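Coordinate-derived values only; no laboratory data. The structure presented is a predicted model; accordingly, all values stated were derived computationally and were not measured. Please note: Cβ atoms are built from the backbone with ideal geometry, for glycine as well, and neighbour counts cover all protein chains shown.
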Amino acid sequence: MPIACKLEVVRLENDMKKSLFVKRAQLVSLINLIAQSGIIVTGAVVRLTGSGLGCPTWPNCAPGSLVPVASQVEGFHKYIEFGNRLLTFVVLFASVALLITAVISKVKKLNIWSALPLLGTLLQAILGGITVLTGLNPFTVMFHFLLSIILVAISTLIYRFWSKDKPLKINSSIIRNYIKFFTLSGFIVIILGTITTGSGPHSGDEIATRFNIDTRTIAWIHADSVLLFIGLLIGLILFVKTNKELNSLTRLLNSLIILCLIQGLIGYTQWFTNLPWILVGFHVLGSVLIWINLMLIFEKSIYSLKNSIKQI
Ligand code: HEM
C-alpha cells in the first residue's frame with residue numbers, strides 16, 4: 001500500500017477512535033447530569049414522606065448498624081431514608097466516571113471542572129450527615145438543596161462540552177447582561193422556594209424546627225419572583241423573535257416557558273390545596289427541569305466550556 005494511503009487509514013482509524021470516545025463521554029456526562037438531578041427529587045421524597053430521620057443517626061442508619069434493623073421504631077421511613085443514602089453511591093459512581101473520562105481525554109482544564117461533581121457529592125454526603133445530626137435544621141436542608149442545584153449547573157456545562165452543538169457569539173453587552181440577570185433571577189426564585197419550604201409544613205420530621213417566617217408571606221414573595229422571572233423570559237423571547245442571529249435559542253426558550261407555566265400551575269394549586277406532598281414532589285421535579293433548561297440557555301449564550309477549554 002502506498003505510504004499516502006497508509007497515513008489516510010491511520011488518520012481514519014484515529015478519527016473513529018476519537019468519535020467513539022466522544023460518544024462515550026457524552027453518555028457518561030448525561031448519566032452524571034441525570035444522577036445529580038435525580039437525587040434532588042429522591043431527597044425531596046424523603047423529606048415529603050416525613051422520612052428525614054428514618055435513619056436517626058449518621059453514617060449508621062441505626063445505633064451500631066449501617067443498615068436499617070427490624071427493631072427500629074421508624075417503620076417504613078427507615079427504608080426510604082436508607083434507600084436515598086444508597087443512591088448517593090450511584091451519584092458517586094457517575095461522578096467518578098465523569099472524572100476518569102476527563103483524565104483520559106487529557107483536556108487539562110476539563111479535569112478541574114469534572115472533579116467538581118465528585119467533590120460536591122462527597123461534600124453532600126457530609127452535609128446530609130450534618131442535616132440528620134442537627135435534627136433537620138432548615139438552614140442545612142436549604143444548603144443541601146442549593147449545593148445540589150449548583151452541581152446540576154456544573155454537570156450541565158460539562159454535558160454540553162461533549163456535545164457537537166456550537167455556542168452562540170453574542171456581541172451586544174446589553175443582551176449578554178440581560179441574560180445574566182435573567183439567569184440570576186431564576187436562581188433567586190429557587191432560593192426563595194427553599195426558604196418557603198423551610199418555613200412550611202414539610203420539614204422531614206415532626207420534631208424539626210422551622211424558619212421563623214410567615215409561610216404565606218414568603219410563598220407570595222416566591223411567587224412574585226416567579227412573575228419577574230417569567231416577565232424577563234417573555235422579554236427575551238420577543239427579542240429573539242426580532243433577532244435572526246439568536247434564532248437557535250428559540251427551542252430552549254419555548255420549552256422553558258412551557259415548563260414555567262406548568263410549574264406555576266402546580267405552585268398555585270399546591271398552595272391552595274394545603275401542600276399535598278405529591279404535588280410538592282412534582283414542584284421540586286419541575287424546578288430541577290427549569291434549572292437545567294435555564295443553564296442550557298446560559299451555556300449557549302453566555303458561558304460555554306467550549307470557549308474556555310480547547311476541545312479534543
Ligand atoms: C418558575 C416557577 C417556580 C420555580 C422554579 C419554583 C421553585 C421552587 C423550589 C426550588 C422550591 C423549594 C423546594 C424544596 O426546597 O424542596 C419551591 C417551593 C415552593 N414553591 Fe415554588 N417555584 C415556582 C413557582 C411557584 C409558584 C407560582 C408558587 C405559588 C405560590 C409556588 C409555591 C411554592 C411553595 C408553597 C413552596 C413550598 C413547598 C413546601 O412546603 O415544601 N412556587 N419552589
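Determine, from the Cβ-Cβ distance of TYR303 and ALA4 and an R0 of 45 Å, the FRET efficiency 1/(1 + (r/R0)^6), rounded to the nearest 0.05.
The computed FRET efficiency comes out at 0.60.
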Which FRET efficiency, nearest 0.05, do LEU228 and LYS106 yield, Cβ-Cβ r, R0 41 Å?
0.40
Express the relative contact order of the chain as a whole percentage, based on alpha carbon pairs under 8 Å and six or more residues apart in sequence.
23
Could you sort out which of LYS17/LYS169; LYS17/LYS244; LYS78/LYS180; LYS17/LYS241; LYS180/LYS310 sit more than 32 Å apart by Cα distance in this structure?
LYS17/LYS244; LYS78/LYS180; LYS17/LYS241
Rounded to whole Hz, the Karplus (6.51, -1.76, 1.60) HN-Hα couplings of the stretch 57-65, x for glycine and proline
9, 8, x, 5, 7, 10, x, x, 9
Determine ³J(HN,Hα), in whole Hz, for all residues of the stretch 122-137 in sequence, where each value follows from phi through the Karplus function 6.51 cos²θ - 1.76 cosθ + 1.60 and θ = phi - 60°; x replaces Gly and Pro.
5, 4, 5, 4, 6, 4, x, x, 4, 4, 5, 5, 9, x, 6, 4
Please list 3J(HN,Hα) in residue order for the stretch 73-81, calculated via the Karplus relation 6.51 cos²θ - 1.76 cosθ + 1.60 where θ = phi - 60°; whole Hz, with x for glycine and proline.
7, 6, x, 5, 4, 5, 6, 5, 5
Counting other Cβ atoms within 10 Å, keep those with at most 15, restrict to DSSP loop, and tell me which trypsin sites (Lys or Arg not before Pro) in the stretch 46-150 are left.
LYS106
Once you have the Cα-Cα distance between ASN14 and LEU265, take 0.36 nm times their residue separation minus that, and quote the gain in nm to one decimal.
85.2 nm
Can you figure out the FRET efficiency of LYS169 with LEU238, using R₀ = 22 Å and their beta-carbon distance, to the nearest 0.05?
0.55
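Tell me which chymotrypsin sites (Phe, Trp or Tyr not before Pro) from the stretch 34-129 have a DSSP coil assignment and no more than 12 other beta carbons within 10 Å of their own.
Those that pass, being in a loop and sparsely packed, are PHE76.
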Cysteines, the chain, no other Cys beta-carbon under 4.7 Å:
CYS5, CYS260
Computed, not fitted: 222 nm per-residue ellipticity of the chain from DSSP H runs ≥ 4 (each -39500 (n - 2.57)), nearest 500, equal to -26500 deg cm²/dmol
In nm, give the distance between the simple-model label positions of PHE272 and ARG24, each being 7 Å from the Cα along the Cα-to-Cβ direction.
5.4
